[in-house]
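Enquirer: Structure provided below as structure tokens; questions to follow.
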Amino acid sequence: MCTFALNNVFDRIMIDTTVFQNKTAVYYTLGCKLNFSETSTIGKILRDSGVRTARKGEIADICVVNTCSVTEMADKKCRQVIKRLIKQHPGAFVVVTGCYAQLKPEDVSKIEGVDLVLGAEQKADIMQYIGNMQKLESGEAHTSALKDISSFAPSCSRGDRTRFFLKVQDGCDYYCTYCTIPIARGRSRNGTISSMIEQAKKAASEGGKEIVLTGVNIGDFGKSTGETFFDLIKALDEVEGIERYRISSIEPNLLTDEIIEYVSHSRRFMPHFHIPLQSGNDEVLKLMHRKYDTALFASKVKKIKEVMPDAFIGVDVIVGTRGETDEYFESAYEFIKSQDVTQLHVFSYSERPGTQALKIEHVVAAAEKHQRSQRLLELSEEKTKDFYSRFIGHSMPVLLEKAKSDAPMHGFTQNYIRVELDSSNQLDNQVVLLRLGEFNEEGTALLGTIIN
């Protein structure tokens, strides 16, 4: 019998790993890049215990669902996915974790077929809770109270993707009025810079060429270790073997001019930023309890474009929050339109239990939310196409990714332009110099040609 002891509060309990030999698992992730990173880490834990990923069409022994709860629609989708996987994999041991599991463990545990519900503090200890995988009459939930969510579980995983996702931070101390993330993930915390360097080096040794820095509020890195995010990116920039880093999302008040200047002459950090704006109206930002105003946001965009004119800037925007009157939305729209940004990620506001936004009186009708979303999505498409069009005819290095089924290969330039290439998968994970041509048929990418 092969056993190992968990090196944590449960280290006195021995796990029989023979139970997991030749078992199969499927994984489903909803939500953010951080969730994808954590799912990959859970997958690695199971693989190290003898569990392999189920092949297409194969009935799995274990189903792991990593959930999101950013909106009511996200909750609904989580429930649909869980029920669909239970139907597709009859008899499988079903584990549900993530934000929805942390926020509503009782609801999830009552779904017929769910065996185990793990909260934010428990997901990294999946082997402890999964036991011998005996099916239960009803789901068993293990979550911690908000005040007890304090550990930082490291994660640097690739999964089936070309790029690696390095989790540098977790949790959030901001408590914006519309958001449940601090309740689901706890206070801001992080690992040490030295641990991040080791994980980046390991990714490089496994052939990784690009790493995306992920977290809930990554600009807050260092709160629990006395370090800074700026210190982190300078240290990561020195890791040999990694050719590209991308900063997944950083609050405008934490994106310092010092960081922008450094990225502009960095060897490995790409001219690519994702900055959550949430609203282009100062009154709405106040209602949201955001820590900046539109003037500060505009100054960051201006600074980026001064030192990196070709930088890609993605922006998160929420429409239809409580308090967003027609007048406030129109001013927000005009502000966003005036900014030299590349793409908008548009979300319709969803009421979340336990949030302070529920105390705000003005409620936006669902039809109005939809109309506002459509207007911003159309603006986003216009801005993205204008940005892409500037580079038609240019030659740029592209990190290519393996194509799925019969689809063409694709990849991204340094400044995050998606490029399609009619070529074999032998170029997977290779940086290739391509000449950028016209848009593909769908208008979602530029067509690339290899430069010999």
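Enquirer: Any residue in the range 390-397 that is β-branched (Val, Ile, Thr) and under 30 Å from TYR328 (Cβ atoms)?
Expert: no
Enquirer: Which one is surrounded by the most Cβ atoms within 10 Å (Cβ to Cβ), of the residues in the range 61-119 that are polar (S, T, N, Q) and over 25 Å from TYR178 (Cβ atoms)? Lay out the reasoning, then the answer.
Expert: Taking the range 61-119 and keeping what is polar (S, T, N, Q), we get 66-67, 69, 71, 80, 88, 97, 102, 109.
Okay, now just the ones that are also over 25 Å from TYR178 (Cβ atoms), so 88, 109.
Numbers: GLN88: 13, SER109: 20.
Ranking the qualifying residues of the range 61-119, first place goes to SER109.
Enquirer: I want to confirm something. Restricting to the range 110-166 and keeping residues that are among the acidic types (Asp, Glu) and not in a strand (DSSP E or B), which single residue is farthest from ASP428 (Cα to Cα)?
Expert: Among them, the one singled out is GLU137.
Enquirer: In the list SER348, SER423, which residue meets the criterion of being touching a Ser or Thr at 6+ places or on another chain (Cβ under 9 Å) and surrounded by 15 or more Cβ atoms within 10 Å (Cβ to Cβ)?
Expert: On the way: SER423 fails: touching a Ser or Thr at 6+ places or on another chain (Cβ under 9 Å).
Result: SER348 is the single residue among SER348, SER423 that is touching a Ser or Thr at 6+ places or on another chain (Cβ under 9 Å) and surrounded by 15 or more Cβ atoms within 10 Å (Cβ to Cβ).
Enquirer: Quick check on this structure: which one of VAL19, VAL9, VAL81 is under 26 Å from the mean Cα position of the chain (by Cα) and either at pLDDT 90 or above or not polar (S, T, N, Q) (or both)? Before you say what the answer is, go through the steps one by one.
Expert: Working: VAL19 fails: under 26 Å from the mean Cα position of the chain (by Cα); VAL9 fails: under 26 Å from the mean Cα position of the chain (by Cα).
It is VAL81.
Enquirer: For residues in the range 393-412 being assigned to a loop (DSSP other than H, G, I, E, B) and in contact with an Asp or Glu (Cβ under 6 Å, 6 or more places away or on another chain), which is nearest to ASP428 (Cα to Cα)?
Expert: Across the range 393-412, the extreme among qualifying residues is LYS402.
Enquirer: Please specify each residue of the range 150-177 satisfying the condition of being modelled with pLDDT of 80 or more and out of contact with any strand residue (DSSP E or B) (no Cβ under 7 Å at 6 or more places or on another chain).
Expert: Within the range 150-177, SER151, ALA153, CYS172, ASP173, TYR174, TYR175, CYS176, THR177 meet the criteria.
Enquirer: Moving to a separate point now. Would you point out the residue of the range 198-235, among those that are in a helix (DSSP H, G or I) and more than 18 Å from TYR262 (Cα to Cα), that is farthest from the chain's Cα centre (by Cα)? Let's see the steps before the verdict.
Expert: Kept after step one, since they are in a helix (DSSP H, G or I), are these residues of the range 198-235: 198-205, 218-220, 229-235.
Still in the running and more than 18 Å from TYR262 (Cα to Cα): 198-205.
Working: GLU198: 21, GLN199: 18, ALA200: 18, LYS201: 21, LYS202: 21, ALA203: 18, ALA204: 21, SER205: 23 Å.
Step by step, filter the range 198-235, then rank; the result is SER205.
Enquirer: So how many residues does the range 240-261 have that are touching a strand residue (DSSP E or B) at 6+ places or on another chain (Cβ under 9 Å), assigned to a loop (DSSP other than H, G, I, E, B) and within 23 Å of PHE412 (Cβ to Cβ)? Write out each step before concluding.
Expert: Step one: of the range 240-261, the residues touching a strand residue (DSSP E or B) at 6+ places or on another chain (Cβ under 9 Å) are 242-252, 255, 259-260.
Right, trim to assigned to a loop (DSSP other than H, G, I, E, B) and you get 242-243, 248-252, 255.
Retained after the next criterion (residues that are within 23 Å of PHE412 (Cβ to Cβ)): 242-243, 248-250, 255.
Within the range 240-261, residues that are touching a strand residue (DSSP E or B) at 6+ places or on another chain (Cβ under 9 Å), assigned to a loop (DSSP other than H, G, I, E, B) and within 23 Å of PHE412 (Cβ to Cβ) number 6.
Enquirer: Is it the case that the range 214-228 has a residue that's buried (at least 19 other Cβ atoms within 10 Å of the Cβ), in contact (Cβ under 8 Å) with a residue 12 or more places away in the chain, farther than 26 Å from PHE347 by Cβ and not charged (D, E, K, R)?
Expert: yes
Enquirer: Out of all the residues in the range 34-63, which are assigned to a helix (DSSP H, G or I) and closer than 22 Å to GLN134 by Cβ? Reasoning before the result, please.
Expert: Pass one, the range 34-63, residues assigned to a helix (DSSP H, G or I): 34-48.
Once the filter is applied, which keeps residues that are assigned to a helix (DSSP H, G or I) and closer than 22 Å to GLN134 by Cβ, the range 34-63 yields ILE42, GLY43, ILE45, LEU46, ARG47, ASP48.
Enquirer: May I ask you to say which residue of TYR333, TYR292 is aromatic (Phe, Trp, Tyr), under 26 Å from the mean Cα position of the chain (by Cα) and part of a loop (DSSP other than H, G, I, E, B)?
Expert: On the way: TYR333 fails: part of a loop (DSSP other than H, G, I, E, B).
After applying the criteria, what remains is TYR292.
Enquirer: Pairs under 6 Å by beta carbon, first residue in contact (Cβ under 8 Å) with a residue 40 or more places away in the chain and of a type in the set (D, E, K, R) in the range 101-123, partner buried (at least 24 other Cβ atoms within 10 Å of the Cβ) and not in a helix (DSSP H, G or I), six or more apart or different chains?
Expert: Qualifying pairs under 6 Å: LYS123/THR97.
Enquirer: Any idea how many residues of the range 171-199 are of a type in the set (Lys, Arg) and in contact with a Cys (Cβ under 6 Å, 6 or more places away or on another chain)? Full working, then the answer.
Expert: Taking the range 171-199 first, the residues of a type in the set (Lys, Arg) are 185, 187, 189.
Pick out the ones that are also in contact with a Cys (Cβ under 6 Å, 6 or more places away or on another chain) and you get none.
Going through the range 171-199 one residue at a time, the tally reaches 0.
Enquirer: Could you tell me whether SER348 is touching a His at 6+ places or on another chain (Cβ under 8 Å), of a type in the set (Ser, Thr, Tyr) and farther than 22 Å from THR256 by Cα? So that I can check it myself, show each step before the final result.
Expert: Values: touching a His at 6+ places or on another chain (Cβ under 8 Å): yes; of a type in the set (Ser, Thr, Tyr): yes; farther than 22 Å from THR256 by Cα: yes.
Taking the combined requirement at face value, the residue satisfies it.
Enquirer: Name the one entry in GLY437, GLY411, GLY448, GLY393 that is exposed (fewer than 14 other Cβ atoms within 10 Å of the Cβ) and closer than 22 Å to PRO271 by Cα. It would help to see each step written out before you state the result.
Expert: Values: GLY437 fails: exposed (fewer than 14 other Cβ atoms within 10 Å of the Cβ); GLY411 fails: exposed (fewer than 14 other Cβ atoms within 10 Å of the Cβ); GLY448 fails: exposed (fewer than 14 other Cβ atoms within 10 Å of the Cβ).
The match here is GLY393.
Enquirer: Let me confirm something: among VAL301, VAL315, VAL341, which residue is under 25 Å from the mean Cα position of the chain (by Cα), part of a loop (DSSP other than H, G, I, E, B) and surrounded by 20 or more Cβ atoms within 10 Å (Cβ to Cβ)?
Expert: Details: VAL301 fails: part of a loop (DSSP other than H, G, I, E, B); VAL315 fails: part of a loop (DSSP other than H, G, I, E, B).
Only one candidate passes the filter, namely VAL341.
Enquirer: Follow-up. Quick check on my filter: what residues within the range 205-227 are within 20 Å of LEU34 (Cβ to Cβ) and among the hydroxyl-bearing types (Ser, Thr, Tyr)?
Expert: Of everything in the range 205-227, those that are within 20 Å of LEU34 (Cβ to Cβ) and among the hydroxyl-bearing types (Ser, Thr, Tyr) turn out to be THR214, SER224, THR225.
The values are calculated or read from the model by the stated rules, or taken from the named source; none is laboratory data. Just so it is clear, the structure is predicted and the values come from calculations on it, not from any experiment. For neighbour counting, all protein chains shown are included, and Cβ atoms are generated from backbone atoms with ideal geometry for every residue, glycine included.
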